[in-house]
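Everything below concerns the one structure shown next.
Any read-out appearing in this document is the output of simple, stated calculations on the displayed coordinates, not a laboratory observation. Small disclaimer: the values here were computed from a predicted structure and weren't measured. All Cβ positions, even for glycine, are placed from backbone atoms using ideal geometry, and neighbour counts span all protein chains on display.
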Amino acid sequence: MKDKYLAELKEQLLEFEASKEDIHDILDDYSGLYDDALDKGKTDEEIYNLLGNPREVAYDLIDTIKIKHHKNKRNKIVALMPFLATIAYMILGFGFDLWHPGWLVYLLIPISGIVLNTNAKNSIVALSPFISVIVFLFIGFRYDLWHPGWLIFFLIPVISIILHTSVKDMFVALSPFVAVIAFMILGTYYDLWNPGWLVFLIIPMLGLLHSKNIWKIIFSELAFIIAILFYLYMGYMQDAWGIGALGFILPITVSILFGDLTVSFFWDLPKGKNREKVIVLLSTIFISIAAFFALGFFLQGWAYAWQVFLLIPVVSILAFDKFRFTSISPFVAVVLFFSIGYFFNAFHLSWLAFLIIPMAGIIENA
């Protein structure tokens, strides 16, 4: 009975055009399984039912074999890519004197691994950093647009958000990146750092649209619109930007009335181990707001003043969590990136600051 079963299995495998090597391995495995079952006292009929119909077994195994061979083929391509990239690089260099940007062919190594071993959606996300680097270097060297060309790196989180976020949440999730891009364009090309910073208000304004309270949406959005119009009127018509900024007390007041913001004095805070931490965090918020407007109005530093707000998440992490440089490395990287790029006109180099993030993770988790 065993020989008959294995003969049927072999016949089916041959029909599916399996290789001799694969057939030999499969028959060895099933011969062993059959013997083990016999040793356990099972009858031929029970073993047949246990192992399955030879045709169905062959059909399932062929799919596995094809996947294995296909995967092996893909892995061979990935393994060969460093050599192919080196050959291509040498040809570009010696043949066409394109050592730069010919070195970009080495990006084919990780790209091939991603494309051949990742599903479509994840491939797009994983490829976005490489696409960003290529585009950034191209527009930098070709058109000398290092700044604001670095904005292309926002493509990385934007693509991830688009592919992994529902339509309802997508606009809110994308709003910070849209705001930064708009802010940099307004500032860089039109010198509108102020009032260009107003674009950041799209973040809370879009977030409010998720509220189920229609009156809250109406009054809150109107409060923002009135505050923005008042700020622009006082600034452009009266040259009193400072007074215009007082208009933003209105949306803050509306938020308090609807319970989105609660006002507590330091002495009203409950006593406990977190009391001092809360005081530090609240102080940081007020100091950041004051510093932002001070740098903007007195030093005309709207272009870089926004960085002070990064103190808020950093202080929050340091106060309420165990210190890990990995946690604050993104904020450090952003400050270094923008400061070096803006003050020294070196955006083509300052993007290297973002390497701090993976380096910190590797060092702390090694």
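Calculated translational diffusion coefficient of the chain (10 °C, 1.306 mPa s; Stokes-Einstein with Kirkwood radius over alpha-carbon pairs) equals 59 µm²/s. Applying a DSSP loop filter and a limit of 13 other Cβ atoms within 10 Å to the trypsin sites (Lys or Arg not before Pro) in the stretch 140-243 leaves Lys212. In sequence order, the stretch 213-226 has phi-based couplings of 8, 5, 5, 4, 4, 4, 5, 5, 5, 4, 4, 5, 4, 4 Hz under the Karplus curve 6.51 cos²θ - 1.76 cosθ + 1.60, θ = phi - 60°, and Gly or Pro positions carry x. Note: the stretch 118-212, Cα convex hull, 81 Å³ per residue. Here, P(r) means the percent of Cα pairs in each 5 Å bin from 0 to the largest distance; for the stretch 149-201 it is 4, 21, 26, 20, 16, 9, 4, 0. In loop segments of the stretch 317-354 as defined by DSSP, the chymotrypsin sites (Phe, Trp or Tyr not before Pro) with at most 15 further C-beta atoms inside 10 Å of their C-beta are Phe323. Residue-wise HN-Hα couplings along the stretch 33-48, as the Karplus relation 6.51 cos²θ - 1.76 cosθ + 1.60 with θ = phi - 60° gives them from phi, are 4, 5, 5, 4, 5, 5, 4, 8, x, 7, 7, 4, 5, 5, 5, 4 Hz; Gly and Pro carry x. Note on the chain: with a GNM built from Cα contacts shorter than 10 Å, the maximum mean-square fluctuation among Ile134, Ile356, Ile203 falls on Ile356.
For trypsin sites (Lys or Arg not before Pro), the sites in the stretch 1-47 that DSSP calls loop and that have at most 15 other Cβ atoms within 10 Å are Lys40, Lys42.
The fewest-to-most ranking of Ile202, Ile285 by surrounding Cβ atoms within 10 Å reads Ile285, Ile202. Ellipticity at 222 nm from helices only: DSSP H runs of n ≥ 4 in the chain, each -39500 (n - 2.57), divided by the residue count, give -24000 deg cm²/dmol. Calculation over all alpha carbon pairs of the stretch 2-69 in 10 angstrom steps from 0 returns a P(r) of 21, 54, 22, 3 percent.
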